[in-house]
Amino acid sequence: MTTSARVFSAALGATVALLSAAFVPAADAAPIGDPTAAATVVQAGYGLPLGDADLVETRSYETLARGVTLTRIVRGTEPAPADQINTTPRGPWVVSVLTIDPKKAKGHLQATYGADLAQVEKTSDLVKSAGALAGVNASFFTFTANPQYPGDPVGLGISNGKLLSEPLADPTEANLLIDAKSNKLTTGHLSWTGTVSNRRGTVLPLEFINHPPVIPTACAALPDQTACTVPGDVVLFTPEFAATTPAGAGIEVVLDHKGCVVRTSNLRGTALAAGQTSLQATGQDTSALLKVAAKGCGVRTNLALSDENGRKVPLHDGLYGVTGRYQLTKKGEIVVPAGTGSFFDRNPRTIAGTTRDGKIILAALDGRQTTSVGTTLDETAAVAKALGMRDSINLDGGGSTAMALQDGTLVNHPSGTNGAERAVGDAVVFVPGQ
């Protein structure tokens, strides 16, 4: 047993010994986020639907602000053998739960990307820089796949009504929409359409928003992409992406806020001023973009979002959106599919959802440690339902899972070496207000 495992076992054992006389019957179990609950409640034989039924479960409650409560749940009292983390029914599991009651809390929930979209920052730093009370990591992001732009979201990204990253066609993507004005959350899978057009009625489809375009392999050696006969990409960039747009072969057209062409370049890569956007193209699409965005005004980018039922999702001030993988619960029912592989195995998890009565729940489930083994996707959905989430999704997890408070203090214990916190693309945070 490691030193940390011995400390965990001794500390938790002492807590259980001190409070074992206070075992509460299931009917009296304190609800998640109940600020009137006792500071600590120990219960056995029920609680989270994880592992054996006789496991002791300890819950401690802390009110962070009016209507905002932090609950820490520890289920199981003995550290897991290192070789049984993925299989043990004895846990332990450590779950940190942030509950926000919009009817009582003063403030709003939102997403934050930090200084720009393309880079990464720790969740604790994102919480601090946003002036937030607390928050968790959010979207899946490029990470090591593109070291130049590691924070680039893999899927939906919306910031204050501006679409910064398009949702994927992949049906496993699950999206979380946050209306900061009403503090209402919506989960599901969104789709999008994007085009660039001019006054002459010429329309060109957009491939991406704020993602580096791909140069066709057959034309990789061509410095002049207009000579390429293989289709490439057409991409919209906004100032939120980075200090400069991606550089390389291709065409770039910079537009002002009126849709007038500011400049056109035969190489990609430029700095955008506030109110400007740019369109980049590679391959055969370079010639098509030059035709659509000839000198003058009236060049428009047209972006639209739809929900899974085909209804339009208006982009408005105060709307934020992040991306996860798999919806966990929908209308109170578990909806995760059967699956195998590392993604479905026990991992640290971050989940977000809303209860039937409109409360917002953000949770961080520690994993890959002898002191908290993590959850399979099925177990994660079961936890979401047990916490009262009517609708919920699985956000980025693994080494990204983190929950932090306003001073940068980590609530949970990330799975990195010695608990090291990973830098991530974005976070969902609660910002206090009047």
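Values quoted throughout were computed directly from the atomic coordinates according to the rules given, and no laboratory measurement underlies them. Quantities reported herein were computed from a predicted structural model and do not represent experimental measurements. When we count neighbours, we look across all protein chains shown, and the Cβ atoms used for this are built from the backbone with ideal geometry, even at glycine.
Remarks
- Point-to-point label distance, Thr195-Asp256, nm (Cα→Cβ direction, 7 Å offset): 2.7
- Each peptide in 173-183, 89-99 gets a packing score, the mean of other Cβ atoms within 10 Å over its residues, and the list from highest to lowest is 89-99, 173-183.
- Taking Lys162, Lys103, Lys122, Lys359 and counting other C-beta atoms within 10 Å, the order from fewest to most: Lys103, Lys162, Lys122, Lys359
- The string of couplings for region 251-262 from the Karplus curve (6.51, -1.76, 1.60, θ = phi - 60°) is 10, 9, 10, 9, 10, 8, 5, 9, x, 8, 6, 8 Hz, one whole number per residue in order, with x for Gly and Pro.
- For region 194-303, the Cβ-based charge dipole about the Cα centre amounts to some 440 debye (Lys, Arg positive; Asp, Glu negative; other atoms uncharged).
- Exposure proxy ranking, count of Cβ atoms within 10 Å, fewest first, for Phe208, Phe343, Phe140: Phe343, Phe208, Phe140
- In order through region 147-163: 3J(HN,Hα) via Karplus (6.51 cos²θ - 1.76 cosθ + 1.60), integer Hz, x for Gly, Pro: x, 6, 9, x, x, 4, x, 9, x, 4, x, 10, 10, 6, x, 9, 6
- Net dipole in debye of the chain [+1 Lys, Arg Cβ; -1 Asp, Glu Cβ; about Cα centre; nearest 20]: 1020
- With an a/c value of 1.5 or above and a/b not larger than b/c for the gyration tensor axes a ≥ b ≥ c computed over the alpha-carbon atoms, region 194-303 is described as oblate.
- Protection proxy ranking of 300-309, 248-257, by the mean of other Cβ atoms within 10 Å over each peptide's residues and highest first, is 248-257, 300-309.
- Entry for volume of the Cα convex hull per residue in Å³ (calculated from the structure that is shown) out of [x] 149; [y] 193; [z] 220: [x]
- Cross-link reach is defined here as a Cα-Cα straight distance under 19 Å, omitting same-chain residues fewer than 8 places apart; for Lys162 the lysines meeting it are Lys181, Lys184, Lys258, Lys312.
- Residue exposure sequence - Asp125, Asp54, Asp116 - by fewest surrounding Cβ within 10 Å: Asp54, Asp116, Asp125
- Of all aspartates and glutamates in the structure, the ones whose alpha carbon falls short of 15 Å from that of Lys122, not counting any fewer than 8 places away in one chain, are Asp152, Asp396, Asp407, Glu421, Asp426.
- Label-point separation, Ile334 to Leu315 (7 Å along Cα→Cβ), nm: 3.8
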